[in-house]
1. When residue 306 is evaluated against the numbered criteria (1) touching a Lys or Arg at 6+ places or on another chain (Cβ under 6 Å); (2) within 28 Å of residue 284 (Cα to Cα), which criterion, by number, is the only one it fails?
2. Enumerate the pairs (first residue in region 282-295 and under 12 Å from residue 313 (Cα atoms); second residue anywhere and part of a helix (DSSP H, G or I)) with beta-carbon separation below 7 Å, excluding pairs fewer than 6 apart on the same chain, so at least 6 apart or on different chains.
3. Checking the condition under 17 Å from the mean Cα position of the chain (by Cα) and under 24 Å from residue 281 (Cβ atoms), which residue from 128, 102 passes?
4. Can you tell me which residue is surrounded by the fewest Cβ atoms within 10 Å (Cβ to Cβ) among those in region 183-193 that are in a helix (DSSP H, G or I) and not acidic (Asp, Glu)?
5. Do the conditions hold for residue 249, that is, is it closer than 23 Å to residue 211 by Cα and either outside any loop (DSSP other than H, G, I, E, B) or in contact (Cβ under 8 Å) with a residue 40 or more places away in the chain (or both)?
6. So is residue 221 part of a helix (DSSP H, G or I) and out of contact with any Ser or Thr (no Cβ under 7 Å at 6 or more places or on another chain) or not?
7. Looking at (1) of a type outside the set (D, E, K, R); (2) closer than 30 Å to residue 75 by Cβ; (3) touching a residue at least 40 places away in the same chain (Cβ under 8 Å), which is the one condition that is false for residue 144?
8. Are there any pairs with C-beta distances below 8 angstrom linking a residue in region 343-354 that is under 14 Å from residue 389 (Cβ atoms) to a residue that is among the aliphatic types (A, V, I, L, M) and loosely packed, with under 14 Cβ neighbours inside 10 Å, with the two at least 6 apart or on different chains, and if so which?
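The values are calculated or read from the model by the stated rules, or taken from the named source; none is laboratory data. The structure displayed is predicted, hence computed values, not measured ones. Here the Cβ is made from the backbone with ideal geometry for all residues, glycine too, and neighbour counts use every protein chain on show.
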Amino acid sequence: MGKIDHDAVLRARVLLLGSGRLSLLEQVHAYRVLAEVSPKAYLPKLVDALLSMSYRNRDPEVDLVLAAEAVEAGRRIEAGVPARAERLCRALNVYQSALFALGRRAEGRAACEEMAEAGKSGQLARILAEEGRFREAAELNEKAVRNGISEHSFWNMVEWAANLEGAGLHDAASAVFRELLDETRREVVGQRTALAILTWELVHLSRMREAAGHGADAADTRREALTVLEELATTGEPKDWSCILAWWVTLFALSGRGDEPAASVESPMPPFGTDLGWSSDTRDAFLGTLSELETEAAGLREAGRLPELVDVQRRISIRAALREGNRPYRFEERFRPYFDESVALARRLPDDPARLARALTDRSMFLVAARTFEPAHADFAEAVALLDVR
């Protein structure tokens with residue numbers, strides 16, 4: 001501690017005790033001074049005020065300065081002070097976000113590692129997945145799930161399964177996903193979750209099993225999904241649900257990971273399997289390829305290269321869904337053209353039933369998200385018929 005300016009301390013106390021409403025900047029100035037003489041009381045307040053300022057700011061450079069100071073203040077809070085770890089992790093989270101936004105990945109990863117040491121490993125797992133370090137990410141996912149985080153949360157289990165699959169551990173990934181699916185079945189019986197979510201999970205598991213070479217298992221799972229879709233087409237959802245589009249977006253995007261370049265430290269990719277926590281540089285880079293893919297699609301269409309065009313159209317659809325697929329306003333109107341075009345193109349490939357089945361499945365799951373259940377059932381029934389005769 002340097003030499004204390006007692007006049008500054010007095011002014012800060014008077015300012016805080018005054019009857020007027022202080023701006024955040026005034027609070028920060030006061031807390032900075034008082035934290036030098038009463039750190040136990042004022043360091044937590046300083047962290048909170050600095051983070052509040054960063055939440056109201058949209059400049060990563062300013063965010064970085066504010067968050068860096070909040071992190072240093074959080075580290076100075078004495079062990080045992082209530083909510084010390086929580087405050088430090090909040091500060092580190094803002095700090096790492098600003099670092100990634102500025103392309104400073106190594107420093108951002110280090111901040112995530114410090115968060116993990118403080119008990120918050122979720123962001124580190126997502127950053128590792130972005131860099132293709134799937135096994136390490138999956139180990140963090142497992143520890144989080146088995147050590148008290150809501151064990152069968154859709155988000156935790158899908159992310160864990162996705163990272164296991166990314167690491168090539170297909171049977172382990174399917175086992176984790178089946179745990180989630182079993183819980184979803186129980187919740188459906190108790191009307192605690194939507195039949196739509198059960199449908200999406202079943203279809204995704206069937207894709208996982210097909211990719212792992214377990215065709216018979218995939219076929220059984222598809223038939224169960226078709227039964228659920230038949231119920232939806234006949235009676236609809238037993239009750240109304242709030243917006244569940246994020247569930248559809250997450251699994252649709254995850255289903256396309258194999259068509260994208262491999263993730264690496266040098267070329268990060270999105271952490272497929274999670275809806276939140278993408279580093280902003282990775283998200284911006286991934287979505288930024290949309291115009292490039294549209295140009296590629298135009299060239300393929302002109303050249304009549306239909307198989308490649310179908311694949312590129314799917315990659316375009318996934319990016320569009322990731323960009324704004326969780327917004328319900330005019331949802332079907334905005335997104336249906338992507339899926340109708342994919343099906344129309346795939347129908348022009350009579351010798352490629354797998355591509356048509358994939359396009360029909362994609363449109364069916366989109367229509368479930370749009371709550372248009374009868375056409376969804378018809379599409380998926382056609383897809384199942386195509387896949388079962390291969």
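1. Just one mismatch for residue 306, condition (2).
2. Every condition considered, the pairs that remain are 290/316; 290/319; 293/312; 293/315; 293/316; 294/316.
3. Going through 128, 102 in turn, the sole match is 128.
4. Taking the candidates together, the pick is 189.
5. Yes, satisfied.
6. no
7. (3)
8. From region 343-354, the pairs are 353/389.
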